[in-house]
Every structure is written in C-alpha cells, then in structure tokens.
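Take a look at the structure below.
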Amino acid sequence: MDEDEERALWRRWREGDASAREVILVHYLPFAKILAAKVYSGRRHDEFEFGEYVQFATVGLLEAVSRFDPERGVKFKTFSGRRIIGSILNGLEHLSEKQEQISFRHRLASQRMESIRGRQPNGSNPEELFSYLAHVAVGLALGYILEDSGMFQRPTSTYMSNGYAGVETAQLKERMGSLVEKLPERERAVLKYHYMNHVPFEEIAGILGVTKGRVSQIHKHAIELLREAIKGIRNCDMAW
C-alpha cells in the first residue's frame, strides 16, 4: 500500500466508511504482531503464551486506529507503536493481577478446608463417613455465607428483587452477622479478619500473637459454634 492509497483509506474511515477501517487494520496487523514478538522476546518468565501478547497488541492497534488523525502529519506506525506496546504491558499486568487474586483466594479456601475437615474417618463405617462429609459441607457453606455477605452488612434492595429466596438469603446473612458478634473474642476476631478482610491464617497469627495452627483451631471452633447457634434459626431451608 503506497502513501496515497493509505491517505485515501484514512479519509474514507474518517468519513464513516467502516470497510476502510477494516483494510487499515488488516494492513497494520503484522506490525502489531511484530511489536508483540519484540515484547515477548524480552519476557522474564513464561507465565503467558505468545497469543496473549498478540491479543493485547491487537487491542492497542484498534485503539490507535480509532484515535489517529492523519492531518497532524505523524506517521501511523510512530503514533501507534507506543500505544500497542503500552496495551501489551497493561494487559499482561492486569492478567497477572487477576491470576494472583485467583491464587490468593484458592489459598484462603485451602486453609479453611484444612481447618474444618479435621481427622478423617477410615471409611469402614458409612454412617460415620456420611456424618463427617456433612459436617465439612456445612462448615464450608457457613464460610461461604460469611464471605459472600461481606459480613455484618444489612441487606440492600438488590436482594429484594430476587423474590422470596433473595429475602430469605438476606435474612440468613443478617442473622449470621448477629451470631458472629456473639462469639468469644478470639473466634470473632479470626472470622472478621479472615472473611471480611481476607487475611490469611499466617498473618492473623502474627496479629494475635499465636501460631498458624492455633488460628486454624480457633477458626474451626468458631465455625462449630456458628453451626450450633444457627440450628436455632427457624424457617431456615438449609440442612444443618
């Protein structure tokens, strides 16, 4: 494509010809891939595939095409180069943060599971095994309610729009907050730190001046106290 052809395409695109935009994008896509390959070759780890670099480069190219003004006398490659590379770096940063958040939440969930499950039966007694599994399931469900509710927040109108089930769920979460406030001091503190502020057990241990294993024990005891207390809640559809 020579300069006159490209200039004509930009003019058509500015006049609202979407087909001209597609031609421009196809023409400069190899350039975006070259920049993606350049950033990829300088990577310090293999956390992401090359295709993800290309994807973010393409996003940067799309933004550059939308914002470019050929009347300013700047070549498009000069204008778009930094934007494409910036799009790649920003995209990778956000993707990395998202993966770190997922990994962090998995770590919190693993700590809860390890705390709640305790000693496992050998499986020779089906009733004992079923009781154990039910106990673990209820503990995890209580933890989910605590975390999902944001703890101690009063229900908002969004719950009301979901019908009777939403109202009952909101009431259950509100009651759960009240039950947590009645727990012993350390049990209450561990639940607040862990579910409301997403603090891992090892950091809670440092705050309370105890071992991580002790925090796990306090967490398990707190969940057991809640399990017993919530049995007294009437009109609750959950099986405890």
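The values are calculated or read from the model by the stated rules, or taken from the named source; none is laboratory data. None of these values were measured; they are calculated from a predicted model. Cβ coordinates were reconstructed from backbone atoms using ideal geometry, including for glycine residues, and neighbour counts include every protein chain displayed. SASA here: full protein model, heavy atoms, side chains in, ligands and nucleic acids out. Shrake-Rupley method; radii C 1.70, N 1.55, O 1.52, S 1.80 Å.
Here residue 174 sits with roughly 60 square angstrom of accessible surface, probe radius 1.4 Å. For the range 34-113, with all protein chains in place and a probe radius of 1.4 Å, 51% of the accessible heavy-atom surface sits on carbon or sulfur. Local charge sum around residue 224 (other residues, Cβ-Cβ under 12 Å, Lys/Arg +1, Asp/Glu -1)? In short, +1. Counted by Cβ distance under 12 Å from residue 66, the other residues give a net charge of +2, where Lys and Arg count +1 and Asp and Glu count -1. Charges were assigned to the Cβ only: +1 to each Lys and Arg, -1 to each Asp and Glu. The resulting dipole of the range 1-87 about its Cα centre is roughly 340 debye.
Give me the aspartates and glutamates in straight-line cross-link reach of residue 192: C-alpha distance below 15 Å, same-chain residues under 8 apart excluded. Leaving aside aspartates and glutamates fewer than 8 places away in the same chain, those within reach of residue 192 are 147, 148, 174, 181, 202, 203. In this view, the solvent-accessible surface of residue 40, computed with a 1.4 Å probe and all protein chains in place, comes to about 60 Å². When 113, 176, 1 are compared by accessible surface with a 1.4 Å probe, the order from highest to lowest is 1, 113, 176.
Rounded to the nearest 10 square angstrom, residue 114 shows an accessible area of 120 square angstrom against a 1.4 Å probe.
Taking Lys and Arg as +1 and Asp and Glu as -1, the other residues whose beta-carbon sits under 11 Å from that of residue 116 total +2.
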